[in-house]
Amino acid sequence: MAVTIRPAKLADMARICEIYAYYVENTVITYEETVPDVDEMQQRFFDIHSHNMPYLVAEVEGEIAGYAYASVFRTRPAYRYCVEHSIYLSQNHQGHGIGSKLMEALIDACLPTGIRQMVAVISDTTNHASVALHEKFGFTHVGILKDSGFKFNRWINTIIMQRPIGDGAASLPTGKGLNLK
């Protein structure tokens, strides 16, 4: 199966919305409870691009099979060298290595931005596939927020994992980082 990773386009947002809808409606992988419409997904796309962060899609035979992006971790200026990321795959494309391809491309796309830390906020301590993917790419566990989410009438833990980008904290940053006020 040939997988092509490319920058997302505004025209991709309808398909991205379809992929994400499954997770909102059927899982605790996202704590969002109402499926965002295409207009909302387009606004999120613009927000990510306003910070010069990567937003990528994976295509298989011309179909978008998944997507990934880096976004603002926290809005205070001191967080300007740290991003949170997300990766979602369509249901029929899981288990084929597409998540790994997206993760590798996303990390590589963050290198020239001056970002020094990437954070994974993983919902549910039983999300073993996501934890394994992150460990494969050098993320380490930095904490668990107990009972921090509530969805489908149950409490959910949140795993926090982190990895350095480029030099991480081994040297001072050279760029201005994200434009946070």
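The values are calculated or read from the model by the stated rules, or taken from the named source; none is laboratory data. As the structure is a prediction and not an experimental result, all values here were calculated from the model. Here the Cβ positions follow ideal geometry from the backbone for every residue, glycine too, while neighbour counts run over all protein chains shown.
Take M13 and tell me if it is assigned to a loop (DSSP other than H, G, I, E, B) and over 25 Å from T158 (Cβ atoms). No, not satisfied. If you check L111, L172, L180, L106 for being aliphatic (A, V, I, L, M) and at pLDDT 95 or above, only one passes: L106. For A58, the conditions (1) small (G, A, S); (2) assigned to a strand (DSSP E or B); (3) without any contact (Cβ under 8 Å) to a residue 24 or more places away in the chain; (4) farther than 22 Å from I159 by Cα all hold with the exception of (3).
Of the residues in segment 75-83, at least one is in contact with a Cys (Cβ under 7 Å, 6 or more places away or on another chain) and buried (at least 18 other Cβ atoms within 10 Å of the Cβ). Take the conditions surrounded by 17 or more Cβ atoms within 10 Å (Cβ to Cβ), outside any helix (DSSP H, G or I), modelled with pLDDT of 95 or more and of a type in the set (V, I, T) and apply them to V119. Does it pass? Yes.
Residues that are in a loop (DSSP other than H, G, I, E, B) and within 23 Å of P54 (Cβ to Cβ) within segment 133-171 comprise F137, G138, F139, I165, G166, D167, S171, listed in sequence order. Inspect segment 66-83 for any residue being free of Cβ contacts under 8 Å to residues at least 40 places away in the same chain, part of a loop (DSSP other than H, G, I, E, B), within 23 Å of A132 (Cβ to Cβ) and not polar (S, T, N, Q) and give the result as yes or no. Within segment 66-83, not a single residue is free of Cβ contacts under 8 Å to residues at least 40 places away in the same chain, part of a loop (DSSP other than H, G, I, E, B), within 23 Å of A132 (Cβ to Cβ) and not polar (S, T, N, Q).
Restricting segment 27-52 to residues that are among the hydrophobic types (A, V, I, L, M, F, W, C) and in contact with a helix residue (DSSP H, G or I) (Cβ under 7 Å, 6 or more places away or on another chain) leaves a set whose member that is farthest from D108 (Cα to Cα) is V35. Evaluation of R154 against the conditions (1) among the charged types (D, E, K, R); (2) loosely packed, with under 12 Cβ neighbours inside 10 Å; (3) in contact with a strand residue (DSSP E or B) (Cβ under 7 Å, 6 or more places away or on another chain); (4) under 20 Å from V24 (Cβ atoms) shows that the sole unmet condition is (3).
Close Cβ contacts (under 7 Å, 6 or more residues apart or on different chains) running from residues in segment 39-52 that are surrounded by 13 or more Cβ atoms within 10 Å (Cβ to Cβ) to residues that are assigned to a loop (DSSP other than H, G, I, E, B) comprise F45/A8; H51/L178; H51/N179. When Q91 is tested against (1) surrounded by 13 or more Cβ atoms within 10 Å (Cβ to Cβ); (2) polar (S, T, N, Q); (3) under 17 Å from I29 (Cβ atoms), exactly one condition is not met: (1).
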